[in-house]
Amino acid sequence: MSGVEIPRDPADALAAVAALRRLADQIEDAAVEQAMRAGWGWPQVAEALGVTRQAVHKKHARRLIAAGVSLRRR
């Protein structure tokens, strides 16, 4: 892999991957919430993320409802 420094110790490399995944999930959660609060629908969010509407709904709906976000119906 050019341009990417991977730690020599596999434990360190895997810990870095896990940390990046957690960070990516946090950023996704915030971005989806921002989009839904701005009036986006599930299809728009799904297209932007490159996933299905069902996948994004399953992953985020419960958390958004708990956060008081008003979700649009289709």
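Read the figures in this text as sums done on the coordinates, not as results from a lab. Nothing here was measured: the structure is a model prediction, and the numbers come from that model. Counting neighbours? That spans all protein chains shown, and the Cβs are built from the backbone with ideal geometry, glycine included.
Against the numbered list (1) closer than 24 Å to G68 by Cβ; (2) not in a helix (DSSP H, G or I), R8 comes up short only at (1).
If you check V69, V45, V32, which single one turns out to be surrounded by 13 or more Cβ atoms within 10 Å (Cβ to Cβ), touching a Lys or Arg at 6+ places or on another chain (Cβ under 9 Å) and outside any helix (DSSP H, G or I)? Don't jump to the end; show me each part of the working.
Values: V45 fails: outside any helix (DSSP H, G or I); V32 fails: outside any helix (DSSP H, G or I).
From the options V69, V45, V32, the qualifying one is V69.
Without any contact (Cβ under 8 Å) to a residue 40 or more places away in the chain, aliphatic (A, V, I, L, M) and not in a helix (DSSP H, G or I): does that describe I27? Write out each step before concluding.
Numbers: without any contact (Cβ under 8 Å) to a residue 40 or more places away in the chain: yes; aliphatic (A, V, I, L, M): yes; not in a helix (DSSP H, G or I): no.
Criteria not met by I27.
When segment 1-40 is filtered for residues that are of a type in the set (V, I, T) and touching a helix residue (DSSP H, G or I) at 6+ places or on another chain (Cβ under 8 Å), the ones remaining, listed by number, are I6, V32.
Restricting attention to segment 47-58, the residues that are without any contact (Cβ under 8 Å) to a residue 24 or more places away in the chain and under 16 Å from A24 (Cα atoms) add up to 4.
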